[in-house]
Amino acid sequence: VIETHKPYISKIFPAFSGDQCISICCPVFKDKQFIGIERAMVYLKTLSKIATEIEVGNTGYAQIFDDDGIVVAHPQADQIDENIVAIRKEAFPDYDWSEMEAVVARMTKGEEGVDSYHSVWWDGDNPKSVKKLTAFAPIILGNESWSLGVTMGYDEVAGPVKAYARNIHIAAGLLILVLGGASFWLYKVQKENTKLAAKAESAHELLEINQQLNSE
C-alpha cells in the first residue's frame, strides 16, 4: 500500500523558461518507508487563465494571494508575483490604502467572508476612487494557505438593488394612493348611507304623523 503525507508548496520562482511557477512536492511512502518524492510544477499563468475564466459581472475579476499577500493569479499579468498592497501604494502613494490592507490581512489569515474597500483606477489621465465589494475564501494546499478573492464594483452590485428598492417604493406609493382612494370612496358611501338612513327615519316619522292626523 502506497500512502502520501502532506505536500510541500514552494514559493513563487522563475522556471527555466522564465515563467513564474510554483513547485508542489509530495513525499511517497510504501509500507511506511519513504521511497521518494513526487513533484509537479504549476505555472502561474495557468492559474491566472483559470481565474480569468471566472465570470464576475461586467467589471469583476478573480484573484489569488498567498499567505504573504503575494499575487499568485490575476487577470493582469504584471501584478503576478507582486505584493498586492505594495504595488498600489507605489502607484498612488498619497492615497489611503488602510481599507484594502485590512481586507488583505483577513485573506492572508485564512478567513472567509465578504468586505468592501475603496481603490483607485485610471479614468483617462486622472485617478478615480471607486468602491469595490469582494468575497473571499481560503485555499488550503498542504502546509500553505492561499486565498481566492472575487471582486467587482460596488455600484454594479448596488445598482440592481437600488433599482429594485426604487420599484418597491413606487409600488408602495401607488398602493397607498389606491388604498387612500378606496378609503375615501368607502367614507363617501358610508356618509350617503347615513343620510339615507336619516331620511328614511324622517319619512317613517312623517308617515306615522300623517296616519295619526288622518285618524283624528
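At-a-glance table
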{"read-out": "Complete set of residues in the range 7-51 that are charged (D, E, K, R), surrounded by 11 or more Cβ atoms within 10 Å (Cβ to Cβ) and over 18 Å from Asp66 (Cα atoms)", "value": "Lys30, Glu38, Arg39"}
{"read-out": "Where Ile139 falls short, out of the listed (1) open to solvent by less than 20 Å² (accessible area, probe 1.4 Å); (2) in contact (Cβ under 8 Å) with a residue 60 or more places away in the chain", "value": "(1)"}
{"read-out": "Odd one out for Glu55 among (1) exposed (fewer than 12 other Cβ atoms within 10 Å of the Cβ); (2) farther than 26 Å from Asp155 by Cα", "value": "(2)"}
{"read-out": "Elements of type strands (runs of 3 or more DSSP E) contained in the range 28-73, each with 1 or more residues being free of Cβ contacts under 8 Å to residues at least 24 places away in the same chain and among the β-branched types (Val, Ile, Thr)", "value": "33-43, 71-73"}
{"read-out": "Condition check for Ser17: touching a residue at least 12 places away in the same chain (Cβ under 8 Å) and of a type in the set (Gly, Ala, Ser)", "value": "no"}
{"read-out": "In the range 85-131, residue modelled with the highest pLDDT [restricted to those that are polar (S, T, N, Q) and open to solvent by less than 80 Å² (accessible area, probe 1.4 Å)]", "value": "Ser98"}
{"read-out": "Residue tally, condition open to solvent by less than 80 Å² (accessible area, probe 1.4 Å) and among the hydroxyl-bearing types (Ser, Thr, Tyr), over the range 58-70", "value": "1"}
{"read-out": "Index of the failed condition, Thr134 passing every other in (1) more than 30 Å from Ala15 (Cα to Cα); (2) surrounded by 18 or more Cβ atoms within 10 Å (Cβ to Cβ); (3) at pLDDT below 85", "value": "(3)"}
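The values are calculated or read from the model by the stated rules, or taken from the named source; none is laboratory data. Computed from a predicted model, the values in this text were never measured in an experiment. Positions of Cβ are backbone-derived with ideal geometry, glycine not excepted, and every protein chain shown enters the neighbour counts. Calculation scope for accessible area: heavy atoms of the full protein, side chains included, ligands and nucleic acids excluded. Shrake-Rupley method; radii C 1.70, N 1.55, O 1.52, S 1.80 Å.
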